[in-house]
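Trainee: Would you mind keeping the following structure in view while I ask a few things?
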Amino acid sequence: MSVPNTEQTAILQKYLDLPQRGKVLAEYIWIDADGGMRSKTKTLDKKPSSVEDLPEWNFDGSSTGQAPGHDSDVYLRPVKFYPCPFRRGDNLIVLAECWNNDGTPNKFNHRHECAKLMKAHEEESVWFGLEQEYTLFDQYDQVYAWPKGGFPAPQGPYYCGVGTGKVYARDLIEAHYRACLYAGINISGINAEVMPSQWEFQVGPCQGIDMGDELWLARYLLMKVGEEFGVKVSLHPKPLKGDWNGAGCHTNVSTKVMRQEGGMKYIEDAISKLAKRHKEHMLLYGADNEQRLTGRHETASIESFSSGVANRGASVRIPRSVAKEGYGYFEDRRPASNIDPYLVTGIMVETICGSIPDADMAKEYARESSD
């Protein structure tokens, strides 16, 4: 008997309609060693009123690349919880940080340091908006809905496209959109991207640590929705070689003073600081990003920093409307689609707001990578 590619939702529904007899299902989710998502479910006796009511849990870190086999327990400490759009009712999704049994944050727990940075600079009121691009593949690792053994027409009609042959998998995208709204994510929009079967969703504006939390949850929901449709989601920054656009995670940033009249001065100051730390930022801006940042396909070169008004080929873009009004935000176009948003938002705050002694994200990442 062949295994179905998608879930048997019609059969499943009669079981989902069964009462849970007061129990609450909490899906604990976390980030593994490869920047992927993992999850497992815990039964609770009642719905928690705060994150402090959620129990700490653990998992086998040797199976996720987060711990050695001889000392494999990694602990899950809940930091946020959200209503679950899949199980609904009182059921929850719980975002958790990973901690070692000696009380130190796990090597791949980048949220911990990011939260310290956000707390240290909370008076700056830093807002973020992340534009998550991603590419869809079928079960055979072919770009979703592309001709078998061939290619679609060249790029042009697909960006924000409408109509058969111009957009693919809109049903999956709509399902993800609603799931995000149900969970309370501040998802601000979606659009089809330049390469066919490539899409984007935007999350924000979010302040401080909320940005990383909400993007990770939105990614988790996208992967889960993809399960039901039998579609794989790729966050690789250059999923297909050749004359096709890559995938990024453009990072929009503003501080309180940037959003006020005269804010352009502070935007320019921030861009000047970013230029001086280009190499440090590129360490944290995603794996294989050199395949995407070539100076072609609406990207700048990874080798040098550039900025400009309305220039989508620059490292950092100032929107035309911001230049006209004299205040607002800037867009860092360098981050790849597979970034850890905690690393990117953390080093951004560290750079534009001023470093604090024990939390240099780039140095910490370089140290961990050499371990």
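The values are calculated or read from the model by the stated rules, or taken from the named source; none is laboratory data. A quick note: this is a predicted structure, and the numbers were derived from the prediction, not measured. Every residue, glycine as well, gets a Cβ built from its backbone with ideal geometry; the counts of neighbours run over all protein chains shown. Areas reflect the complete protein model, heavy atoms only, side chains present, ligands, DNA and RNA absent. Shrake-Rupley method; radii C 1.70, N 1.55, O 1.52, S 1.80 Å.
Trainee: Residues being closer than 22 Å to ALA218 by Cα and open to solvent by 20 Å² or more (accessible area, probe 1.4 Å): count how many of those fall in segment 68-81.
Mentor: 5
Trainee: Count, please, the residues in segment 169-208 that happen to be farther than 23 Å from TYR144 by Cβ and either open to solvent by 30 Å² or more (accessible area, probe 1.4 Å) or not assigned by the TED database to the domain that holds ALA145 (or both).
Mentor: The total comes to 7.
Trainee: Out of the residues in segment 240-268 that are closer than 14 Å to GLN198 by Cβ and crowded, with 24+ Cβ neighbours inside 10 Å, state the one that is nearest to the chain's Cα centre (by Cα).
Mentor: Within segment 240-268, the match that is nearest to the chain's Cα centre (by Cα) is CYS249.
Trainee: Among the residues of segment 18-67, count how many are open to solvent by 70 Å² or more (accessible area, probe 1.4 Å) and out of contact with any Ser or Thr (no Cβ under 8 Å at 6 or more places or on another chain).
Mentor: 13
Trainee: Can you name every residue in segment 292-341 that is in contact (Cβ under 8 Å) with a residue 40 or more places away in the chain, in contact with a Lys or Arg (Cβ under 8 Å, 6 or more places away or on another chain), outside any loop (DSSP other than H, G, I, E, B) and not β-branched (Val, Ile, Thr)?
Mentor: PHE330, GLU331, ALA336 - these are the residues of segment 292-341 that are in contact (Cβ under 8 Å) with a residue 40 or more places away in the chain, in contact with a Lys or Arg (Cβ under 8 Å, 6 or more places away or on another chain), outside any loop (DSSP other than H, G, I, E, B) and not β-branched (Val, Ile, Thr).
Trainee: Please tell me if VAL203 is more than 13 Å from GLU174 (Cα to Cα), in contact with a helix residue (DSSP H, G or I) (Cβ under 9 Å, 6 or more places away or on another chain) and of a type in the set (A, V, I, L, M).
Mentor: Here the answer is yes, as VAL203 does meet what is asked.
Trainee: Which of (1) in contact with a strand residue (DSSP E or B) (Cβ under 8 Å, 6 or more places away or on another chain); (2) open to solvent by 60 Å² or more (accessible area, probe 1.4 Å); (3) over 21 Å from THR345 (Cα atoms) is the odd one out, the single condition GLY295 does not satisfy?
Mentor: (2)
Trainee: Right, next: For segment 147-164, give me each residue that is open to solvent by 40 Å² or more (accessible area, probe 1.4 Å) and either at positive phi or within 24 Å of the chain's Cα centre (by Cα) (or both).
Mentor: GLY149, GLY156, TYR159, CYS160
Trainee: Would you please name the residue that is nearest to ILE31 (Cα to Cα), looking only at residues in segment 310-358 that are more than 21 Å from the chain's Cα centre (by Cα) and among the polar types (S, T, N, Q)?
Mentor: SER355
Trainee: Answer yes or no: is there a residue in segment 266-275 that is small (Gly, Ala, Ser) and free of Cβ contacts under 8 Å to residues at least 12 places away in the same chain.
Mentor: Yes - at least one qualifying residue is present in segment 266-275.
Trainee: Being within 30 Å of TYR266 (Cβ to Cβ) and open to solvent by less than 30 Å² (accessible area, probe 1.4 Å) is the filter here; which residues of segment 116-135 pass it?
Mentor: LEU117, MET118, HIS121, SER125, VAL126, PHE128, GLY129, LEU130, GLN132, GLU133 - these are the residues of segment 116-135 that are within 30 Å of TYR266 (Cβ to Cβ) and open to solvent by less than 30 Å² (accessible area, probe 1.4 Å).
The rows are residues; the columns are (1) aromatic (Phe, Trp, Tyr); (2) more than 25 Å from the chain's Cα centre (by Cα); (3) open to solvent by less than 60 Å² (accessible area, probe 1.4 Å).
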| position | (1), (2), (3) |
| --- | --- |
| ARG88 | no, no, no |
| ASN91 | no, no, yes |
| CYS98 | no, no, yes |
| GLY103 | no, yes, yes |
| PHE108 | yes, no, yes |
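Trainee: Would you point out which residue out of GLY354, GLY328 is modelled with pLDDT of 95 or more, in the same structural domain as SER234 (by the TED database), of a type outside the set (S, T, N, Q) and over 21 Å from SER304 (Cα atoms)?
Mentor: GLY328
Trainee: When you check LEU235 against the structure, is it in contact with a Ser or Thr (Cβ under 7 Å, 6 or more places away or on another chain), more than 23 Å from PRO78 (Cβ to Cβ), buried (at least 19 other Cβ atoms within 10 Å of the Cβ) and in the same structural domain as GLY150 (by the TED database), yes or no?
Mentor: yes
Trainee: Still on this model: Cβ-Cβ distance below 6 Å, separation of 6 or more or different chains: which pairs start in segment 80-108 with a residue that is among the acidic types (Asp, Glu) and end on one that is open to solvent by 50 Å² or more (accessible area, probe 1.4 Å) and part of a strand (DSSP E or B)?
Mentor: If the second residue must be open to solvent by 50 Å² or more (accessible area, probe 1.4 Å) and part of a strand (DSSP E or B), the pairs left are GLU97/ARG77.
Trainee: Within segment 136-146, does at least one residue satisfy the condition of being open to solvent by less than 10 Å² (accessible area, probe 1.4 Å) and either closer than 27 Å to LEU343 by Cβ or not assigned by the TED database to the domain that holds ASP332 (or both)?
Mentor: Yes, there is a match, as at least one residue in segment 136-146 is open to solvent by less than 10 Å² (accessible area, probe 1.4 Å) and either closer than 27 Å to LEU343 by Cβ or not assigned by the TED database to the domain that holds ASP332 (or both).
Trainee: Within segment 241-272, how many residues turn out to be assigned to a helix (DSSP H, G or I) and charged (D, E, K, R)?
Mentor: Selection size over segment 241-272: 3.
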